[in-house]
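Here the structure is laid out as structure tokens; the discussion comes afterwards.
Any read-out appearing in this document is the output of simple, stated calculations on the displayed coordinates, not a laboratory observation. If you're wondering where the values come from, they're calculated on a predicted model, not measured in any experiment. Neighbour counts are summed over all protein chains in view; Cβ atoms, including those assigned to glycine, are modelled from backbone coordinates with ideal geometry.
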Amino acid sequence: MKKTAAILFCIISLAACKKELSEQFYVYNNSPLNDTTWNNMPLSDAFIDSIEDHIGIPNFFIDSANASTATHLNLNDSIEVTIPANSCTKDGNYIIQNGFIQVQLIPLLKRGDFIRFLVPTINKKYVLESAGNFYLRLIKDGQEVYPAPNNSITIKWRDPAPKTGMSYTIGYPNGRDSLFAWQPLYTNGGTVTIWDSTGQGVNKKGYLLQTPYTDWIGAMKAVDTTQGQTRLNVVLPLNYTNKNTMVFAVFNNTKTAIKLDPDLKSRTFYAANIPLNTPLTLISISLMDQTFYVGQQSTVLTNANPVNVTPQKTTLGNLNNVLDNL
């Protein structure tokens, strides 16, 4: 699967401009877009690549830091990155002391961002809530570099209602379809704290993440399951199968977006360990005959009864509007 390669290519090739959405359709070889039968194989790489290349790229940032001095980057009104002086290395031993380091950052701060990059907010089968996740990469002279031992990069972002209990997490591939899982690091990891400038006469607050690692990182915690848990079951029309469709559940009250698994026996999509009484928005994304079909259904999960989702033919622009407004 090409997830990391695709991210790097997009960052490099789109550095000077935003990616423009086009209704022109293209697919990867061996993508089973017209296969309306169920089977016990996971989604093909070609199908996932075709989806990823059409649902757009979230906002990304590229800036540079002087290796020899502490650098504070204001990437926009809500995200800041701080890199200490002499804090990066290529091999863990040699400290870079001169020149400039390119900083590449993709923020995942909206529910739709996790769908776009297929990085659901899960830890194996446990559902997580995100305060904010990021893809961070550092480049010096065309080569990737990293925070040196005992050094950290700081990412600070605004949130009007920051929550306590968030933990530092890293993302890692989990399966053939390259959907990620997130793993909290309680030792040898980074930290997540809340900052609040209200007392200084400025009504701003949010999170501050210190990371000794690059790649997929974030601030997350387990969702509240004190009211009990159940299985979420989703039914689509028969021609929407595990070969041409992905189904997601977005929690309306937390920054949570998960991908449902296919159940071959029942011809449904499901997710386990979902908190009871959770308001959800279900999103299905399908490709058939070079056409997008999107389903959207709101529900409050009170039991395991199947929820019906009926996809409708749509345009790429409409699909991206749906993701932008989740």
Original post:
Going by how many other Cβ atoms sit within 10 Å of their own, how do LYS110, LYS255, LYS204 line up, fewest first?
Top reply: LYS204, LYS110, LYS255
Original post:
Could you give the alpha-carbon Rg of the range 229-324 over 2.2 N^0.38 Å, rounded to two decimals?
Top reply: 1.03
Original post:
the range 61-222: D in µm²/s via Stokes-Einstein (Kirkwood Rh, Cα pairs, 37 °C, 0.692 mPa s)?
Top reply: 201
**OP:** Subtracting the Cα-Cα distance from 0.36 nm times the residue separation, let me have the gained length for ASN273 to HIS72 in nm, one decimal.
**Re:** 68.2 nm
**OP:** Would you please calculate the Kirkwood hydrodynamic radius of the range 108-177 over all C-alpha pairs and express it in Å, rounded to one decimal?
**Re:** 14.7
**OP:** Taking the Cβ of each residue in VAL235, VAL202, VAL127, VAL103 as the centre, tally the other Cβ atoms inside 10 Å and list the residues starting with the fewest.
**Re:** VAL202, VAL235, VAL103, VAL127
**OP:** Quickly work out the ASN123-to-ALA161 label distance, labels modelled 7 Å from Cα along the C-beta direction, and quote it in nm with one decimal.
**Re:** 2.3
Original post:
R0 = 45 Å: FRET efficiency of ASP224 with ASN318, Cβ-based, nearest 0.05?
Top reply: 0.85
Subject >> FRET efficiency, 1/(1 + (r/R0)^6) with R0 41 Å, evaluated for GLU144 and LEU238 via beta carbons >> reply: 0.30
Original post:
For GLN200 and GLN97 in the same chain, what is the full-extension length gain: residue separation times 0.36 nm, less their Cα-Cα distance, in nm?
Top reply: 33.5 nm
Original post:
At LEU264 and THR187, where each label point lies 7 Å from the Cα along Cα→Cβ, what is the point-to-point distance in nanometres?
Top reply: 4.0
